[in-house]
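Chemist: Take a look at the following structure, please.
The values are calculated or read from the model by the stated rules, or taken from the named source; none is laboratory data. On a predicted model such as this, the values are computed, not experimentally measured, just so you know. Please note: Cβ atoms are built from the backbone with ideal geometry, for glycine as well, and neighbour counts cover all protein chains shown.
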Amino acid sequence: MENTPRVFALVDCNNFYVSCERVFNPKLADKPVVVLSNNDGCAVARSNEVKALGVKMGAPWFQMQHLARQHGIIALSSNYTLYADMSQRVMTILRDFSPEVEVYSIDESFLGLQGLSSLWPSYSELGQAIRHRVGQWTGLPVCVGIAPTKTLAKLANHLAKKRPEFGGVCDLASLGEPQLAGYLACLEVGEVWGVGRRIAARLQALGIGSVQVLRATPPQVIREHFGVVMERTVSELRGISCLDLDEVTPPKQQIIASRSFGALVISQEELREAVSRYMQTAAEKLRQQGSLCSAVQVFIHTNPFRTHDRQYSNGVVVPLTQATDDSRRLVAAALWGLARIYRPGYCYKKAGVMLLDLAPASVRQASLFSQVNPRTAQLMRVLDELNAAHGRNTIHLASSGIQQRWAARFDHRTPRYTTRWDELPRVHT
DNA sequence: TCTGGGGTCCTAGGACCC
DNA sequence: TCTGGGGTCCTAGGACCC
């Protein structure tokens, strides 16, 4: 279809959550820092100093207490509001460099670069310009990988991060074949985008350990063992672009809201509060993307790590007679489902809801027996506007309770520096 | 004491139909 | 004694991602 070869860049922020915290608290520079998941449970972001200590992604915080004291690891609760805002700033800058941007996750984007080479001495210098401007305008360090396929751009980004000789930007196409083969021979297959723990182990068993060997394996052989997805990955490693940029994010097919509790929950009443709360969060997201939902799922379970406790886990799908985005109807359906699956006498650790069968609101099917009430849409709009202006959960249904004893704990939260007037950073003179 | 949350895609197998 | 074949749809589960 295209004659000019594609050029992809992957721009990825280094240790994103930790770097965001360091922007606003310079004392954290060069210190071992982790950012923890909800309830301060696991390490979800680690500074280089912490990675060097051998702390793995997702490692439980309570298990590292000894190491933390020994090395003075600083632990911070997640400050998602701050990270989301910083992410937006980075993505805005990236759009200045290329008209083709796919925001892939909160801290990384793919850019289409082909055609832009005439504006720059080389793709590497374009990458350096990106690095420099993001650093100067947001304070966040990023690395850039450049290659003819997305999968290779991911690997290039990995090299840019790990190999100092690249200076944070790696353009694979600028390497000679022997040099490239040398780098790929040093990379394990598990580093490849799409190769997880399971598949890496199976590849190992077939004698395919390095990326270089994987790249040399015929895609048909891979297909026989692993299916079409892995075949595509190997083709991409060989420089054949199979995955294009997704510049417009399609609406989500399902929306999930679930949380572990900050305290154990036994009563149905408290579970009802939590389920109601989660559903209101999910419903807001549903309206944000302009969809309606035809079925909701609700699930609860005990703490699987407490193996000596009696365990219970269950979920149920509740179909709706008419597709809706009305928080009140969605909450009612979820609570109805909860009553079906609730069993007394267990210590519950987590609950959640899922919105299923989503469809655009623009093609709403009018039901024979019920009509859409225009006042409902208006009510939901006012609800969303108030919460957007004054902070999440400013106004909510009474069923989600007031005390919310079960709410997740955040014992080390930093200020929401960029999105709350009362939490702005202060400069003392 | 203390172990995250939110997504996508693919496949296998069962139900059902003609 | 002998008991088809092919297609679709749905769901659960597995694998991956950040």
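Chemist: Tally the residues that are of a type in the set (S, T, N, Q), farther than 17 Å from A:Phe261 by Cβ and within 24 Å of the chain's Cα centre (by Cα), restricting the search to the stretch A:281-318.
Modeler: The qualifying residues number 4.
Chemist: To continue, here is another question. Only residues in the stretch A:123-136 that are surrounded by 15 or more Cβ atoms within 10 Å (Cβ to Cβ) count as the first member; pair them with residues that are part of a helix (DSSP H, G or I) and not small (Gly, Ala, Ser), Cβ under 6 angstrom, at least 6 apart or cross-chain, and list the lot.
Modeler: From residues that are surrounded by 15 or more Cβ atoms within 10 Å (Cβ to Cβ), the pairs are A:Ile130/A:Phe97; A:Arg133/A:Ile93; A:Val134/A:Val90; A:Val134/A:Ile93.
Chemist: Give A:Leu67, A:Leu28, A:Leu82 a once-over and let me know the one that is more than 30 Å from A:Leu172 (Cα to Cα), surrounded by 13 or more Cβ atoms within 10 Å (Cβ to Cβ) and out of contact with any Ser or Thr (no Cβ under 9 Å at 6 or more places or on another chain).
Modeler: Exactly one residue qualifies, and that residue is A:Leu67.
Chemist: While we're here: Keeping to the stretch A:82-133, report how many residues are in a helix (DSSP H, G or I) and away from DNA strand C (no atom under 16 Å from the Cβ).
Modeler: Matching residues across the stretch A:82-133 total 22.
Chemist: In the stretch A:44-58, which residues are buried (at least 22 other Cβ atoms within 10 Å of the Cβ) and within 16 Å of DNA strand B (Cβ to nearest atom)?
Modeler: A:Ala45, A:Arg46, A:Val50, A:Val55
Chemist: Looking only at the stretch A:199-226, count how many residues are in a helix (DSSP H, G or I), more than 16 Å from DNA strand C (Cβ to nearest atom) and of a type in the set (Gly, Ala, Ser).
Modeler: Total satisfying the criteria: 1.
Chemist: Can A:Arg272 be described as under 27 Å from A:Ile395 (Cα atoms), out of contact with any strand residue (DSSP E or B) (no Cβ under 6 Å at 6 or more places or on another chain) and touching a residue at least 40 places away in the same chain (Cβ under 8 Å)?
Modeler: Against the criterion (under 27 Å from A:Ile395 (Cα atoms), out of contact with any strand residue (DSSP E or B) (no Cβ under 6 Å at 6 or more places or on another chain) and touching a residue at least 40 places away in the same chain (Cβ under 8 Å)), A:Arg272 qualifies.
Chemist: Out of the residues in the stretch A:373-429 that are acidic (Asp, Glu) and in contact (Cβ under 8 Å) with a residue 12 or more places away in the chain, state the one that is nearest to A:Arg328 (Cα to Cα).
Modeler: A:Asp384
Chemist: Additional query: Spot the failing condition for A:Leu119; the list is (1) without any contact (Cβ under 8 Å) to a residue 24 or more places away in the chain; (2) among the aliphatic types (A, V, I, L, M); (3) in contact with a Gly (Cβ under 6 Å, 6 or more places away or on another chain), and only one is missed.
Modeler: With (1) without any contact (Cβ under 8 Å) to a residue 24 or more places away in the chain; (2) among the aliphatic types (A, V, I, L, M); (3) in contact with a Gly (Cβ under 6 Å, 6 or more places away or on another chain) applied to A:Leu119, the lone miss is (3).
Chemist: Another question, if that's okay. Do we have A:Val229 as within 16 Å of DNA strand B (Cβ to nearest atom), in contact (Cβ under 8 Å) with a residue 12 or more places away in the chain and outside any loop (DSSP other than H, G, I, E, B) here?
Modeler: In short, yes.
Chemist: Check the stretch A:181-198 and report whether any residue there is within 28 Å of A:Thr4 (Cα to Cα), away from DNA strand C (no atom under 16 Å from the Cβ), under 26 Å from the mean Cα position of the chain (by Cα) and crowded, with 20+ Cβ neighbours inside 10 Å.
Modeler: no
Chemist: Another one. Could you list, in sequence order, the residues of the stretch A:58-80 that are touching a Gly at 6+ places or on another chain (Cβ under 9 Å) and more than 16 Å from DNA strand C (Cβ to nearest atom)?
Modeler: Within the stretch A:58-80, A:Trp61, A:Phe62, A:Leu67 meet the criteria.
Chemist: Got a sec? Which of A:Gly168, A:Gly227 is small (Gly, Ala, Ser) and either within 22 Å of the chain's Cα centre (by Cα) or at pLDDT 95 or above (or both)?
Modeler: That would be A:Gly168, the only listed residue that is small (Gly, Ala, Ser) and either within 22 Å of the chain's Cα centre (by Cα) or at pLDDT 95 or above (or both).
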